[in-house]
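We did not get these values from a lab; they are worked out from the coordinates using the rules stated. These numbers were taken from a predicted model, which means no experiment stands behind them. With ideal geometry, Cβ positions are generated from the backbone for all residues, glycine too; neighbour counts draw on all protein chains shown.
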Amino acid sequence: MSFDRSIKIAPSILSADFADFGREIQAIEAQGADWVHVDVMDGHFVPNLTFGPPAVAAFRKHVKTVMDVHLMISPVDSYIDAYAQAGADVLTAHVEAGPHIHRTMQAIRAAGMKAGVAVNPGTPIEAIEHILDITDLVCIMTVNPGFGGQKYIDMTAKVRKLRALIGDRPVHIEIDGGMDPTTAPLMAAAGADVFVAGSAVFKGGSVSTPEVYGKNIAAIRAAAQAAL
Ligand code: DX5
Ligand code: ZN
């Protein structure tokens, strides 16, 4: 995985057909997805439950791009090796998930993955300022995590501040929650490069009408690129 700041679209398979993940992943990649975003929820850190390591390992067999695994779980550290084994390329933990985010980032890199840190809407960006040298991606949440299809919460000022804090470091800025062709440009202008989108990618399409996914992905990408 080489670093660049080009616009990347990362569909969240939280909005896919849960009985057909293999074909859904193949469809979004064939239709232009840059990364595949996998939302892991534990029913404790967030009020919803999704995928354990065996499910993520099964997704891996279909992912040809980048598997971007977003952990909404607490604790994190005891599961890092299991998600490395499952084949995550990027593993993102929440700064709110425990008292030792610095140790968590070190452990994710030591397990051979890119280390991401996610920041909830209510958390100040300064919470991650001192780990940027050991961080590969910062995920700014523009919804409270737990569910797809929620309304976008504006975090433009936070993203601008983060962009300035990052400076020349090779750190991606990812936005997660309510991204569509109207909201993605705001975040692109503020400095984001990775756009997670669940409902806005999967809406109106299916594995038998994958061209709808392609149109949805292209619309988000075009809107974000136009803002640069
Ligand atoms: C929310 C998840 C998101 C979610 C985004 O907890 O982290 O990745 O799937 O869904 P949309 O794009 O529908 O807001
Ligand atoms: Zn996510």
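Details
- Residue check for Gln31: buried (at least 17 other Cβ atoms within 10 Å of the Cβ), of a type in the set (S, T, N, Q) and more than 16 Å from ligand 2 (Cβ to nearest atom): yes
- Verdict on Met187 being among the aliphatic types (A, V, I, L, M), over 27 Å from Phe18 (Cα atoms) and crowded, with 23+ Cβ neighbours inside 10 Å: yes
- Selection from the range 178-228 of residues that are within 16 Å of ligand 2 (Cβ to nearest atom), over 14 Å from Trp35 (Cβ atoms) and β-branched (Val, Ile, Thr): Thr183
- A search for C-beta distances below 7 Å between a residue of the range 70-84 that is within 24 Å of Phe195 (Cα to Cα) and any residue that is outside any loop (DSSP other than H, G, I, E, B) and polar (S, T, N, Q), counting only pairs 6+ apart in sequence or on different chains, returns His70/Thr92; Leu71/Thr92; Val76/Thr104.
- Verdict on Ser6 being among the hydroxyl-bearing types (Ser, Thr, Tyr) and either within 20 Å of Phe202 (Cβ to Cβ) or within 16 Å of ligand 2 (Cβ to nearest atom) (or both): no
- Restricting Ala200, Ala184 to residues that are within 12 Å of ligand 1 (Cβ to nearest atom) and without any contact (Cβ under 8 Å) to a residue 24 or more places away in the chain narrows the list to Ala200.
- Residue tally, condition more than 17 Å from Phe147 (Cβ to Cβ) and within 17 Å of the chain's Cα centre (by Cα), over the range 191-228: 9
- Applying the criterion of being touching a residue at least 12 places away in the same chain (Cβ under 8 Å) and either farther than 18 Å from Lys203 by Cβ or of a type in the set (Gly, Ala, Ser) (or both) to the residues of the range 9-20, the residue that is surrounded by the fewest Cβ atoms within 10 Å (Cβ to Cβ) is Ser15.
- If you check Thr135, Thr104, Thr92 for being within 16 Å of ligand 1 (Cβ to nearest atom) and not basic (Lys, Arg), only one passes: Thr92.
- Number of positions in the range 34-53 that are β-branched (Val, Ile, Thr) and crowded, with 24+ Cβ neighbours inside 10 Å: 3
- Residue tally, condition closer than 17 Å to Ile9 by Cα and either part of a helix (DSSP H, G or I) or within 12 Å of ligand 1 (Cβ to nearest atom) (or both), over the range 34-66: 5
- Failed item in (1) surrounded by 20 or more Cβ atoms within 10 Å (Cβ to Cβ); (2) under 24 Å from Met105 (Cα atoms); (3) in contact (Cβ under 8 Å) with a residue 40 or more places away in the chain, with Val56 passing the rest: (3)
- Residue within the range 113-128 that is within 16 Å of ligand 1 (Cβ to nearest atom), over 28 Å from Ala16 (Cβ atoms) and not hydroxyl-bearing (Ser, Thr, Tyr) present: yes
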